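The values are calculated or read from the model by the stated rules, or taken from the named source; none is laboratory data. Being a predicted model, the structure only gives us computed values, none of them experimental. Cβ sites come from the backbone with ideal geometry, for glycine too, and all protein chains shown count toward neighbours.
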Number of protein chains: 2
Amino acid sequence: MVEVSEHTASLTTNPPKKRKKDMEAKLILPSSSLFLFFILLLVLFTLSTIPFAPPSNKAELLDCSIYSPWCTSKNRIQSKNHPPTRHHHSSSDVVPHHPLDPLTIQELNRVRDIIKSHALFNNSPYALHSVVVEEPDKPVVLAWTKGDPLPRRKASVVARVNGVSHVLSVDLANGEVTRGQEVDQLSGYPTMTMEDMTSSTWAPLADADFNRTITQRGVDLADLACLPISTGWFGKKEDNRRLIKVQCYSMKDTANFYMRPIEGLTVVLDMDTKEVLEISDRGSNIPIPKAANTDYRYSVQNAHQLKLVNPISIEQPEGASFTIQDEHLVKWANWEFHLKPDPRAGVIISSAKVQDPETGKFRNVMYKGFTSELFVPYMDPTDAWYFKTYMDAGEYGFGLQAMPLDPLNDCPRNAYYMDGVFAAADGTPYVRSNMVCVFESYAGDIGWRHSESPITGMGIREVRPKVTLVVRMAASVANYDYIVDWEFQMDGLIRVKVGLSGILMVKGTSYINMNQVNKQESLYGTLLSENVIGVIHDHYVTFHLDMDVDGIDNSFVKVNLQKEHPSPEESPRRSYLKAVRNVAKTEKDAQVKLKLYDPSEFHVVNPSKLTRVGNPVGYKVVPGGTAASLLDLNDPPQTRGAFTNNQIWVSPYNKSEQWAGGLFTYQSHGEDTLAQWSDRDRPIENKDIVVWYTLGFHHIPCQEDFPIMPTVSSSFDIKPVNFFESNPILRIPPNLEKDLPICKAAASA
Amino acid sequence: MVEVSEHTASLTTNPPKKRKKDMEAKLILPSSSLFLFFILLLVLFTLSTIPFAPPSNKAELLDCSIYSPWCTSKNRIQSKNHPPTRHHHSSSDVVPHHPLDPLTIQELNRVRDIIKSHALFNNSPYALHSVVVEEPDKPVVLAWTKGDPLPRRKASVVARVNGVSHVLSVDLANGEVTRGQEVDQLSGYPTMTMEDMTSSTWAPLADADFNRTITQRGVDLADLACLPISTGWFGKKEDNRRLIKVQCYSMKDTANFYMRPIEGLTVVLDMDTKEVLEISDRGSNIPIPKAANTDYRYSVQNAHQLKLVNPISIEQPEGASFTIQDEHLVKWANWEFHLKPDPRAGVIISSAKVQDPETGKFRNVMYKGFTSELFVPYMDPTDAWYFKTYMDAGEYGFGLQAMPLDPLNDCPRNAYYMDGVFAAADGTPYVRSNMVCVFESYAGDIGWRHSESPITGMGIREVRPKVTLVVRMAASVANYDYIVDWEFQMDGLIRVKVGLSGILMVKGTSYINMNQVNKQESLYGTLLSENVIGVIHDHYVTFHLDMDVDGIDNSFVKVNLQKEHPSPEESPRRSYLKAVRNVAKTEKDAQVKLKLYDPSEFHVVNPSKLTRVGNPVGYKVVPGGTAASLLDLNDPPQTRGAFTNNQIWVSPYNKSEQWAGGLFTYQSHGEDTLAQWSDRDRPIENKDIVVWYTLGFHHIPCQEDFPIMPTVSSSFDIKPVNFFESNPILRIPPNLEKDLPICKAAASA
């Protein structure tokens, strides 16, 4: 552990020791209200005795048992509580088969070796913040077909060397390292490494003041659990060095330490040196909430278990209807797409194509779709809370936080699981097992139906069941859990759904009943239990949707419903709605704030492909789960999260514009967001365009969210609109009894 | 058939024969554009040879085989295509067990006999437009418990006698008939009877001009299918008599006659006399669209079947987890509620209670929830379309149009089916079998979850599956199919979902390609196929939610998120959101237009019941599927559909305010809508209150909707908010492999 600590410490070029006292002086302000929220990692003192040595040079894969506790051996996880799933797991040491395939273990090792021996890194301590495949240029990928040799394999590496961030392109064939995207002008830092987060949570313990404060609050150091919380950027204080704030909890008598905040205590660290820059404690008068009734584990519910329903299961005795070719190419019903885990986005869907039922051909729908950024501002302006304005993908790595899924519960029995293979800070690959699942879902819903009234004598009752394919991941960004589903329907629709569960970031308070509170608003939230406040916050999840509807060049069309007033001679009606099509010429035409009383449909059409009767083929983005960020545009969090200023944006394709909050989100000033790109107002008509959609949630917590939240979901759809000549599922069969399985209870087996 | 025709004809008091020519003269206007939409019933000439005699006085139940084609013998339907479902069907001749139970067959027969011998009906022709149980006053129902004698059973009857509408209360015990709700001031007419609709579609055939017109349009009378379309109300023309418009289609070479409109031809009938008042034909130059590719029946797809997935099924080998006590009381997991079919609302959920996991007690949530009205305005101002502004519950009977569900496809294999028992126009009961289904659903979703990062050493991965109970009906209001789901979740949430499927009401056109069209807007819709336009329209579905959160007296609280601006001394933040609670004092305080940029939560709280920490217990209405009606408030359809002027309303409980569009919706002037009631601005604080929520859809058709529409769904939630002390599903167990079934393919059995 000491070695790692030194290792990261040496990244710092300007040890800011002198500043520490200045900052403390400034920050000793009157205090009373205290708060909390978000990220990873808790330190058991016991853990610090585990040897934590960097891997030997010969290691081909992190040894999960001794080195990296966040790396999960799939066998370990699987054998612990569950039998192996029925499906074949992706073997993590395969060769790549597709230009978009993620780096294999061998390739990651090769990158590590190239980097290590490269001049830039020679004799300098460094950390790799991201190592992923560098996707070939779009025309190369589009031109490639199975059987062709793979385009040259390259890795895109984000590294910090001597306090400087680099984006590098590593050629796996010849070992050449070249500069990638220009990053000198970017204010922010790369996504934290897992090592950054882990070591930050331990660092305060080296500080005697900190330890004394904890003890004064009545918490045994052995019960301490701390989280590394991104600082955001609010001005000069956050300039010129990587900072992290650490807040802590008592894990005494509960696994749910999140419910036991040591309120108001914030430690500011230099993330590179791990030096404690400041300790702010405004919560000495706030009791730590009780542990009672906070634990959510099934094993501690004992006699109080609540068995409400008989077993229920989705069954497919003839097997799943999808195949996964070459580890990443998913084929199901009339769909095929490339699927891969990603350390920053979580899951990336690429080259999604749907089969035309008339021609049998697969037609392009979406070149690339993924979670580009999240923005989670808390609504409490006080010392220990104001900075909690998380950007989970760019700051923490949405994929890095995606833990192994729990078979039978995170996904149904008929699921297939896919592993992620990522790189540690020194480049050593590790496996995140069961990170993504794929399954067919049937909820008893109806694909289409029609009954004729019996009076026609037709006796028609035609109904088709609705079966879908779900791709799921669940990221546990410390307390909160985000469930992201990409759901494919046979009618060509893609539903993108985000579920929120997990545990609230709560704030300690001296109140134990609302009758003690004069103004509810001053709580900044809801009293959830004695001494526990759930603080109001928003969630925004912004998706990058590189639509290629039947080809690369598309246009964005707002189909606006406008009221017309016919004259009395024309009609007894005084009003009706017309659909007026407006093609967006430039980016600003496509900055959309949704309006209930000025509604539009949002089509992405291929203007050069018409249906038989002459409509341009298209897909539409169907908004859902809308909540808009109401923060002031010049509030620093909103400047950094400016990609939420509109619900929909459209930009021309630009390989470097992947991350809505900017490539280097951490402590960024907001100069590299989707909003900045879009304000360049580039032409987007009949171009390769990218649509950005933001799902939003306002969350005013309620007692039902304590001590763990029932899932809340929202979704939006990407839906064919004159893409097909007619209903593409007209000819699917109904369910027939003779095809359905014969089941018996397991107990009776 | 002749007898029935005379029977309904004799209801008319003022045969308006003289007016016919006047109206025709006025309506001969220049014509060119033509259109179409909505309701039931098609006439095969062959059908007219079937004897259609009123039932003999001795009939206790309509004989479905000879009398009433809209009545469905459950045995007939079930034996036709499907084996009997596994669940016990409600027997239709039981005695009532609960004060809210619908009238039994015996009770309906008793009502028929009482009515027939009553002075009001003596020697007068009459029609019963509605015969349902008269629910006892709310305090009586609330005071009743199982084992108590039932409150006096009464029927609420809507009848028309000699052209006058009556609401009557029929005491089943003593045969007393008393006046019910005062209706003299109401402008509209009762919901049409099935006989009204059926006979209207045949009536034009008695008119030689009509028959000549059909023949001139090249349609053989034997291929004719006609629909009865409510006229709405636009002024004097629709005053003082019941009118219906009839439009027709060719069913040659397709079961999907809806795709073959005889465009522009509208027949106006006196619904009582069945006299043809007017024939308007503006479509003589419009070809009838081809039959090719319109049929949607599986049997005609032949070699083109598209089998995309293996069989998939929801399985519960230990059986369903719900019981239905005494035919109507559903008990599942932590829920219990009363469920009954209704001819106007479709499905009524009553006395919904959820069990508190801490006390074990069942706590009231909702006294009554149902679809109160639908409003479906089309956006075409021309002669054959402007009046299409359907109110499906009040005009057609949303429950009357709910056809038998198709086992295995409308509902999954594990469903239970419930029959409806309704009365024909003469009072004779009939059975609508399989009208409602109840099933448990599991889509592979997650009830709650949390993973701890492995670094904690805790190895926590706690996930609970989400299983729900769905109550479903599907109304086929002619071409369109509405699927209504009430979905109960164990976490206390009720999701109300409406799915739209079925067949578009389309408009004939001479265009076969968009390159012939100058201005797309002038189509009033989308060219879906050669000569076929899908006309733009809206759907609004308004729900009556009589919330009784933990007791009768509740308040409606808007929890508004308001932006605050802290000073620079207070915080580095420039803005944040506070939740400000506003209790609605009167109805106008609770007229809500949703605003994305001025968001609120909408709580129904019990101000006299507090949680342990002092929050008022509540449920919130969580909007979803929002679309607002944009029509002018003084446009006659919007005046009649004024209940859609807001998305949320709250009214004090009033037994007579059940139907948002008014008790007598048909041809009403809009003087008896929710908007009128609400404008009285009555006090609603700490009262028995009813919340009204409207789901909305704008529908711009697309080619995928041809020839039958994939289901589009929207939903809203009724969700506990500080109702429980904590997460009510904390203690439910995860799925375990040992509990799940063992299944094999049926074919291998």
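Observations, loosely collected:
- Qualifying position, being outside any strand (DSSP E or B), surrounded by fewer than 18 Cβ atoms within 10 Å (Cβ to Cβ) and among the small types (Gly, Ala, Ser), among A:SER608, A:SER656: A:SER656
- Leading residue by the ranking (farthest from B:GLY624 (Cα to Cα)) among those in segment B:662-700 that are within 14 Å of chain A (Cβ to nearest Cβ) and not in a loop (DSSP other than H, G, I, E, B): B:HIS699
- Screening segment B:234-254 for residues that are part of a loop (DSSP other than H, G, I, E, B) and in contact with a Phe, Trp or Tyr (Cβ under 6 Å, 6 or more places away or on another chain) and picking the one that is modelled with the highest pLDDT gives B:ARG242.
- Selection within segment A:101-148 - acidic (Asp, Glu) and assigned to a helix (DSSP H, G or I): A:GLU107, A:ASP113
- Residues that are touching a Phe, Trp or Tyr at 6+ places or on another chain (Cβ under 9 Å) and either at the interface with chain A (Cβ under 7 Å from one of its Cβ atoms) or aliphatic (A, V, I, L, M) (or both), drawn from segment B:701-722: B:CYS702, B:GLN703, B:GLU704, B:PRO707, B:ILE708, B:MET709, B:PRO710, B:THR711, B:VAL712, B:ILE718, B:PRO720, B:VAL721
- Members of segment B:341-388 found to be among the hydroxyl-bearing types (Ser, Thr, Tyr) and within 15 Å of the chain's Cα centre (by Cα), listed by number: B:THR371, B:SER372
- Of all residues in segment A:384-396 being part of a loop (DSSP other than H, G, I, E, B) and either of a type in the set (Phe, Trp, Tyr) or in contact with a helix residue (DSSP H, G or I) (Cβ under 8 Å, 6 or more places away or on another chain) (or both), the one that is surrounded by the fewest Cβ atoms within 10 Å (Cβ to Cβ): A:TYR386
- Restricting A:LYS609, A:LYS585, A:LYS595 to residues that are within 9 Å of chain B (Cβ to nearest Cβ) and over 23 Å from the mean Cα position of the chain (by Cα) narrows the list to A:LYS595.
- In segment B:552-577, residue nearest to the other protein chains (Cβ to nearest Cβ) [restricted to those that are touching a residue at least 24 places away in the same chain (Cβ under 8 Å) and touching a Pro at 6+ places or on another chain (Cβ under 6 Å)]: B:LEU561
- Single condition A:GLY232 does not satisfy, out of (1) surrounded by 19 or more Cβ atoms within 10 Å (Cβ to Cβ); (2) on the phi < 0 side of the Ramachandran plot; (3) in contact with a helix residue (DSSP H, G or I) (Cβ under 8 Å, 6 or more places away or on another chain); (4) small (Gly, Ala, Ser): (2)
- B:PRO637, sole failed condition from (1) more than 8 Å from chain A (Cβ to nearest Cβ); (2) farther than 30 Å from B:ASP491 by Cα; (3) touching a residue at least 60 places away in the same chain (Cβ under 8 Å); (4) not aliphatic (A, V, I, L, M): (1)
- Verdict on A:LYS388 being basic (Lys, Arg) and within 14 Å of chain B (Cβ to nearest Cβ): yes
- Selection of segment B:669-683 for residues being closer than 13 Å to B:ASP589 by Cα and out of contact with any helix residue (DSSP H, G or I) (no Cβ under 6 Å at 6 or more places or on another chain) yields B:ASP679, B:ARG680, B:PRO683.
- Exclusive hit being surrounded by fewer than 22 Cβ atoms within 10 Å (Cβ to Cβ) and either outside any loop (DSSP other than H, G, I, E, B) or more than 11 Å from every other protein chain (Cβ to nearest Cβ) (or both), set B:SER510, B:SER476, B:SER501: B:SER510
- Residue pairs meeting the criteria (Cβ under 7 Å; at least 6 apart or on separate chains; first more than 7 Å from chain B (Cβ to nearest Cβ), in segment A:405-418; second in a loop (DSSP other than H, G, I, E, B) and basic (Lys, Arg)): none
- Number of residues in segment B:161-179 that are modelled with pLDDT of 95 or more, in a loop (DSSP other than H, G, I, E, B) and either touching a Cys at 6+ places or on another chain (Cβ under 6 Å) or not polar (S, T, N, Q) (or both) equals 4.
- Single match in B:GLY492, B:GLY427 (criterion: at the interface with another protein chain (Cβ under 8 Å from one of its Cβ atoms) and surrounded by 22 or more Cβ atoms within 10 Å (Cβ to Cβ)): B:GLY492
- Only one of the listed residues (B:VAL580, B:VAL549, B:VAL541) is surrounded by 23 or more Cβ atoms within 10 Å (Cβ to Cβ) and either facing chain A (nearest Cβ under 7 Å) or outside any loop (DSSP other than H, G, I, E, B) (or both). That residue is B:VAL541.
- Where B:PRO83 falls short, out of the listed (1) surrounded by 17 or more Cβ atoms within 10 Å (Cβ to Cβ); (2) modelled with pLDDT under 95: (1)
- Any hit, segment B:561-576, residues being hydrophobic (A, V, I, L, M, F, W, C) and crowded, with 23+ Cβ neighbours inside 10 Å: no
- Condition check for B:GLY319 on (1) surrounded by 16 or more Cβ atoms within 10 Å (Cβ to Cβ); (2) facing another protein chain (nearest Cβ under 7 Å); (3) under 30 Å from B:GLY492 (Cβ atoms): one failure, at (1).
- The one condition in (1) at pLDDT 95 or above; (2) surrounded by fewer than 22 Cβ atoms within 10 Å (Cβ to Cβ) that A:GLY625 fails to fulfil: (1)
- Candidates A:HIS328, A:HIS304, filtered to the one that is surrounded by fewer than 24 Cβ atoms within 10 Å (Cβ to Cβ) and more than 14 Å from chain B (Cβ to nearest Cβ): A:HIS328
- Just one of the listed residues (B:LYS687, B:LYS738) is surrounded by fewer than 23 Cβ atoms within 10 Å (Cβ to Cβ) and at pLDDT below 95, and it is B:LYS738.
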